[in-house]
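Input: a single structure, listed below in structure tokens.
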Amino acid sequence: MKRYTIFVITENFIGILNRITIIFTRRGINIDALTASESRIEGIHRITIEVTASEDSVIQLVNQIEKIIDVIKAFYHEDDGVVYQEIALYKIPVSKLDGGLEKIIRQHNAKIIAAEPDFVVLELSGHKEQTQELLEILKGYGLLEFARSGRVAVAKRMHTIDSYVK
Amino acid sequence: MKDLMIRGADIVVKTLIEENAEIIFGYPGGAIMPVYDALYDYHDKIKHVLTRHEQGAIHAAQGYARVSGKVGVCLATSGPGATNLITGLADALIDSTPLVCITGQVAAHLLGTDAFQETDMVGISMPCTKWNIQVRSAEEIAPAIAKAFFIARSGRPGPVLIDITKNAQTDFGEFNYVPCLGFRSYQTKIEINRDDVQKAAEVIDAAERPYVLFGQGVVLGKAETEFKAFLDKTGIPAASTLLGSGALPQDHPNFVGKLGMHGNYAPNLLTNQCDVLIAVGMRFDDRVTGDVKRYAKQAKIIHLELDPAEISKTVKSHYSILGDCKDSLALLTEAVSQNSHEEWLEKFRELEREENAAVVQHDITPTKVGLTMGEVIHQVNQYKADDAVLVTDVGQHQMIAWRYFNYKKSRTQVTSGGLGTMGFALPAALGAQMFDFSRQVVCVVGDGGIQMTIQEFGTIMQTKAPVKVILLNNNYLGMVRQWQQMFFDKRYSFTELDNPDFVKIAEAYGIKSQKISDRSDLNEAIEDMLIHDGPYFLEVVVEKEDNVFPMIATGCSVEEVRLS
Ligand SMILES: Cc1ncc(C[n+]2csc(CCOP(=O)(O)OP(=O)(O)O)c2C)c(N)n1
Ligand SMILES: [Mg+2]
């Protein structure tokens, strides 16, 4: 079992996400995270799926995803084949904001992106290990809320979407 | 401009006609009534068959598609009408049958409100369609149907569903039909890689005991001639899957029999003795492979396949040729050397004699008092036409009919393979017959399965489709009973049936009928049935507790195929 990133390049067709996720459901494979966005080319979407599985089953998943009529291309990479980033938001009560916390924020390169009378919101972008580390620390600071995005990623391989769209 | 505008419902029918659909199998209801209203005006251009259940409609469309090679068309209303199609969709998807199903849907403004007979049909049918779409305006109808036909019949065929809201059917729109010839996310033309062909040819030429397995891909790819040419040149023994039967005439010298759980002895056993295994248009279903961990491990595997997702899905192939087997077989035949494999073929013949002595003798020339299923099919062979279509249901009778039917022509095999859908046969036979009244269509069905769709006698009555129905009545859910006998200590839990008087039922539908239980009546009964002009129902009472052999039990390897 390893962590893989599956990229799906697809037409923007109603229900496409559903068609993709039932392929995972049917095989009892959990999706760790999923993000969808419009690509560089109008009308074409890219979906990034993070999954922990054996390479064999990832190959099967990708084959089945690519079989979907409105999918243009699907492929997968191991972590070292992609450049990726996740964003995490942490909501902390103002009362806990002291010199110690300030130092932690600085050390982790986190940013305060909102300050309200009762709370502040910190933002940290990075890999899961980094955002997780800060999460563990902030639990000691009365963390009120935490949210982390799925992975946004680009492949290291020099291929452009255009080469798939004939 | 205004007069170019027509009702969405008319667009539906006109587009179907443009797509050369000749016949629709369907059942009306509220949300599809505008389309039915439109059909009234076009009845001279497109036929409609009113089945007695939507499941019957879709199985009929499947039967029609299988024998004709065309796209089967099916029509149903929203809600329960639409959900009744699901079994057929799943069946058609797993058996690669091209279908376009159109369902009515509540008006667009009611979507998501739990309106009367509203069902999320696009959601429900997603896992069992090749593609589906909901259409909410009249203008979208023609492009959607054109695309649906293209998707259904191209590449690896499959069922497609279009859900059309009622307002789209009643609104006016421009009729803007343009045939669909392809689109960017769906590549259907695969260029064969010549290097792959060359490599495969070298492996085949060097093989001492090469062995070909062929499936429905040969039929779907219309590659029967190319396939035969390949065998003629290489002299390689070839065995068929359930759905591949008919792709090669059984009297071809290289044909060695049928594969799988209840296939023939030699083809299963020798899978583990060949040195090169060439799979053509088949997908290594678990009913063919038995335990994959012990399947053809000694062999180099070459897979000729159109669907990239099938390559190395369950059985890893060492070489593959991706693309239409009509093209790949032609290239491969060119690339291989003339050869023969008489000694190797003789091994198959030897084991065939063993199977004859141990199984076939009992099945077709029995010593028991009761009739066997095998001898019934054997008699059918004596009288049937070469291009007679065999439609079977699911169970012991299916396996026996397939084992003993003498396939001579392509597209004569119609059965539910991948899904194993009981209730398939009667409507599928009707659909197959609707394609061509002059073809013999023989429907072999069990006493369990016939009762799942027996209402389609009504459709046979109304269409006068001259289907010949043979009921092999063992008063049991026979296949399940066989498993109970073999693997559950003969604990016959809920498999015995108290059956109705089937002949009376058929007669109530005006179908000429006969029931026999004596061997002495068999010959004449089969002959009478096959020469009868019109539908015919023949009930044959057979041995209650007979079993189908050979058999590869679940979890066993192909070489553990047993004769008793
Ligand atoms: C819709 C459906 N339900 C259940 C089954 C499981 N099943 C497979 S064969 C069989 C028995 C079929 O009995 P019958 O139609 O009498 O045929 P026989 O095996 O006796 O020839 C059953 C219940 C099935 N294949 N399909
Ligand atoms: Mg039975």
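Odds and ends about this structure:
- Some residue of segment B:493-500 being within 30 Å of B:G244 (Cβ to Cβ), more than 9 Å from ligand 1 (Cβ to nearest atom) and touching a helix residue (DSSP H, G or I) at 6+ places or on another chain (Cβ under 8 Å): no
- In segment B:208-248, the residues that are surrounded by fewer than 23 Cβ atoms within 10 Å (Cβ to Cβ), touching a residue at least 24 places away in the same chain (Cβ under 8 Å) and over 18 Å from the mean Cα position of the chain (by Cα): B:E208, B:R209, B:E226, B:K228, B:A229, B:K233, B:G235
- Any hit, segment B:482-496, residues being within 18 Å of B:M529 (Cα to Cα) and either of a type in the set (G, A, S) or assigned by TED's automatic domain parsing to the domain that holds B:E22 (or both): no
- Selection status of A:L61, aliphatic (A, V, I, L, M), in a helix (DSSP H, G or I) and more than 12 Å from chain B (Cβ to nearest Cβ): no
- Yes/no for A:P117 being touching a residue at least 40 places away in the same chain (Cβ under 8 Å) and surrounded by fewer than 19 Cβ atoms within 10 Å (Cβ to Cβ): no
- The residue that is farthest from the other protein chains (Cβ to nearest Cβ), counting only those in segment B:112-135 that are farther than 21 Å from B:G30 by Cα and in a helix (DSSP H, G or I), is B:C128.
Residues are listed down the side, and each one gets a yes or a no for (1) of a type in the set (S, T, N, Q); (2) surrounded by fewer than 18 Cβ atoms within 10 Å (Cβ to Cβ):
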residue	(1), (2)
A:R19	no, no
A:F24	no, no
A:T35	yes, yes
A:I41	no, yes
A:L61	no, no
A:I65	no, no
A:K73	no, no
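- Every condition in (1) closer than 21 Å to B:D37 by Cβ; (2) surrounded by 19 or more Cβ atoms within 10 Å (Cβ to Cβ) holds for B:Y177 except the one numbered (2).
- Those helices (runs of 4 or more DSSP H) lying entirely in segment B:364-453 with at least 1 residues within 12 Å of ligand 1 (Cβ to nearest atom) and among the polar types (S, T, N, Q): B:396-404
A quick yes/no check of all residues on (1) closer than 20 Å to B:E543 by Cβ; (2) aliphatic (A, V, I, L, M); (3) surrounded by fewer than 20 Cβ atoms within 10 Å (Cβ to Cβ):
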{"residue": "B:A388", "(1), (2), (3)": "no, yes, no"}
{"residue": "B:V391", "(1), (2), (3)": "no, yes, no"}
{"residue": "B:G395", "(1), (2), (3)": "yes, no, no"}
{"residue": "B:M399", "(1), (2), (3)": "yes, yes, no"}
{"residue": "B:K409", "(1), (2), (3)": "no, no, yes"}
{"residue": "B:V414", "(1), (2), (3)": "no, yes, no"}
{"residue": "B:G417", "(1), (2), (3)": "no, no, no"}
{"residue": "B:M422", "(1), (2), (3)": "no, yes, no"}
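- Of the strands (runs of 3 or more DSSP E) lying entirely inside segment B:463-564, those containing at least 1 residues that are within 13 Å of ligand 2 (Cβ to nearest atom) and more than 14 Å from chain A (Cβ to nearest Cβ) span B:468-473, B:536-541.
- Candidate set from segment A:29-43 (those that are away from chain B (no Cβ under 14 Å) and part of a loop (DSSP other than H, G, I, E, B)); member that is nearest to A:D70 (Cα to Cα): A:R40
- Test: residue in segment B:318-333 that is of a type in the set (D, E, K, R), surrounded by fewer than 21 Cβ atoms within 10 Å (Cβ to Cβ) and more than 19 Å from B:V280 (Cα to Cα): no
- The one condition in (1) assigned to a helix (DSSP H, G or I); (2) at pLDDT 95 or above that A:L101 fails to fulfil: (2)
- Residues of segment B:297-314 satisfying the condition of being more than 8 Å from chain A (Cβ to nearest Cβ) and under 21 Å from the mean Cα position of the chain (by Cα): B:L304, B:E305, B:L306, B:E310
- Residue count for segment A:44-57, restricted to those that are crowded, with 19+ Cβ neighbours inside 10 Å, within 14 Å of another protein chain (Cβ to nearest Cβ) and touching a residue at least 40 places away in the same chain (Cβ under 8 Å): 3.
- Residue within segment A:7-22 that is in contact (Cβ under 8 Å) with a residue 40 or more places away in the chain, in a strand (DSSP E or B), within 21 Å of B:S125 (Cβ to Cβ) and within 12 Å of chain B (Cβ to nearest Cβ) present: yes
- Residue that is nearest to B:L259 (Cα to Cα) [pool: residues in segment B:535-563 that are surrounded by fewer than 16 Cβ atoms within 10 Å (Cβ to Cβ) and small (G, A, S)]: B:A553
- The set of residues in segment A:120-166 that are within 14 Å of chain B (Cβ to nearest Cβ) and acidic (D, E) contains only A:D162.
- Residue in segment B:518-527 that is of a type outside the set (S, T, N, Q), under 28 Å from the mean Cα position of the chain (by Cα), modelled with pLDDT of 95 or more and within 16 Å of ligand 1 (Cβ to nearest atom) present: no
- Of all residues in segment B:315-339 being among the aliphatic types (A, V, I, L, M) and away from every other protein chain (no Cβ under 14 Å), the one that is nearest to B:V292 (Cα to Cα): B:I321
- Unmet criterion (only one of (1) crowded, with 20+ Cβ neighbours inside 10 Å; (2) free of Cβ contacts under 8 Å to residues at least 24 places away in the same chain) for B:G8: (2)
- Hits in segment B:395-414 - residues which are β-branched (V, I, T) and more than 16 Å from ligand 2 (Cβ to nearest atom): B:T412, B:V414
- Only one entry of B:Y177, B:Y211 meets the criterion of being hydroxyl-bearing (S, T, Y) and in contact with a Pro (Cβ under 7 Å, 6 or more places away or on another chain), and that entry is B:Y211.
The values are calculated or read from the model by the stated rules, or taken from the named source; none is laboratory data. Computed from a predicted model, the values in this text were never measured in an experiment. Cβ: placed from backbone, ideal geometry, glycine included. Neighbour counts: every protein chain shown.
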